[in-house]
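Structure, as structure tokens:
The values are calculated or read from the model by the stated rules, or taken from the named source; none is laboratory data. A quick note: this is a predicted structure, and the numbers were derived from the prediction, not measured. Please note: Cβ atoms are built from the backbone with ideal geometry, for glycine as well, and neighbour counts cover all protein chains shown. Heads up: the accessible areas ignore ligands, DNA and RNA and are worked out on the full protein's heavy atoms, side chains in. Shrake-Rupley method; radii C 1.70, N 1.55, O 1.52, S 1.80 Å.
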Amino acid sequence: MEMHLGATLHVYKGEYGLPSIDFECLRALCLLRFTRCPMDVQTSSNPLRSGAGKLPYLQIGNQKFAGYRQIKRVLDLEGYPIDAHLSTKQKHLSTAYANWVFTNLHAYYHYFLYGEPHNFDTTTRGLYAKRTPFPFNFYYPSSYQREACDVVQVMAGFDVNDKLDKHEGDYLVVNAKKVVNLLSSKLGRKVWFFGDTYSEFDAIVYSYLAIIFKIALPNNPLQNHIKGCQNLVNFINRITKDIFRNEGYSSVKLTKTPSGTEASLTASERKFLDSELNTKIVAGVGAVLAMGAFAAWRGIYNQLTTRSSTDYDGIDYEDDEMEEGLD
């Protein structure tokens, strides 16, 4: 069965080399690319046109299907079920694993992207604001923060509107690290979690981990932990580079590595380089001022020296006469 002509998936544009900055959008894109569904993708979309107030949404003619679940249902009916190649046992396992990952990573994802005040104000708010048309970009990103408040309150038991010292972020970090360890063990050396066949579970894991690993948040304890699981890093990079090679986007400044290749900077690396640059600028300005002051002093000194030798007029002092006598 062929997908209807004119079908378009609307998602947020990516960043840091990813095809989208948003978990729901990213796993909807995985549905398309894993199943090779022929459908256009639009990244300059207004989320308020979806009917649900957010992305992703699928438009076929005048019909709109908002949210991952509705999009998946349409693809299943159109003949592009993502778990079609799995056995019955694997399908049950995929669902069970997905629920387990959702339970332990969903609260971490929502808190550290939208609930943690510094992360949201310095990074996440700007990512969504740049992808939302004026004037909605001033208030629309806050809707994600409000949603995160509900998710964290239900799944983690604290309110993100409370003072920061009351945020039980350590609890979320511990659980998330356990999940990453078990995912790394489960994946092992396989290409996909169920061997040589992709699944919805692969899409879910990739969408969570790719965003948490790639987006440069000031406070993101899980990022380095993922970095220590090389098979998961390979899993993220392989899908990003191979499956989304034409859709990844990055406006982040790149730097040359010692080997001559370009690599995106992490938040800490960028902060260090910025501070180093500021130090060099201050040092340079200081050096210029010091040289200028020295040059000015030399000019005054030379002027005074010249003036004193002019005033001398050949007059000999007694010390000079004594020196001549010693000679």
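Odds and ends about this structure:
- Whole-Hz Karplus values for segment 170-183 come out as 4, 4, 5, 5, 4, 5, 5, 5, 4, 4, 4, 4, 5, 5 Hz, taken residue by residue from phi with 6.51 cos²θ - 1.76 cosθ + 1.60 and θ = phi - 60°; glycine and proline positions read x.
- Solvent accessible area, Å² - Thr43, 1.4 Å probe, full protein context: 50
- The order of Arg238, Arg146 by accessible area, most exposed first and with a 1.4 Å probe, is Arg146, Arg238.
- Whole-Å distance, taken between Cα centres, linking segment 135-173 and segment 21-89: 26
- 3J(HN,Hα) along segment 101-114: 5, 4, 4, 9, 9, 5, 5, 4, 4, 5, 5, 6, 8, 10 Hz, from the Karplus curve 6.51 cos²θ - 1.76 cosθ + 1.60 with θ = phi - 60°, whole Hz, x for Gly and Pro.
- FRET efficiency estimate (nearest 0.05) - Cβ-Cβ, Asn246 to Lys190, R0 30 angstrom: 0.70
- The listed residues Ser44, Ser250 rank as Ser44, Ser250 when sorted by accessible area, largest first, using a 1.4 Å probe.
- Overall form of segment 1-78 per C-alpha gyration tensor (a/c, 1.5; a/b vs b/c): oblate
- Tensor-based shape of segment 1-155 (alpha-carbon gyration tensor, a/c under 1.5 rounded, otherwise prolate or oblate): oblate
- Sequence-distant residues sharing a close amide H with Val41 (under 5 Å, placed H): Leu9
- Local net charge near Val160, Cβ-Cβ under 10 Å (Lys/Arg +1, Asp/Glu -1): -2
- Stokes-Einstein translational diffusion, segment 98-226 - Kirkwood Rh over all Cα pairs, 1.306 mPa s, 10 °C, in µm²/s: 102
- Segment 48-106: C-alpha gyration tensor shape, a/c 1.5 cut-off, then a/b vs b/c: oblate
- If you sort Ser142, Ser94 by accessible surface, 1.4 Å probe, largest first, the order is Ser142, Ser94.
- Cβ-derived FRET efficiency at R0 41 Å, Asn62 paired with Asn181, nearest 0.05: 0.30
- Evaluating 6.51 cos²θ - 1.76 cosθ + 1.60 at θ = phi - 60° for every residue in segment 17-28, the Karplus couplings come out as x, 8, x, 7, 8, 10, 4, 5, 5, 5, 6, 5 Hz, glycine and proline recorded as x.
- Sorted largest first, the principal axis extents computed over the alpha-carbon atoms of segment 153-215 equal 47, 22, 18 Å.
- Positive contributions from Lys and Arg (+1) and negative ones from Asp and Glu (-1), summed over other residues with Cβ under 13 Å from the Cβ of Leu105, come out at +3.
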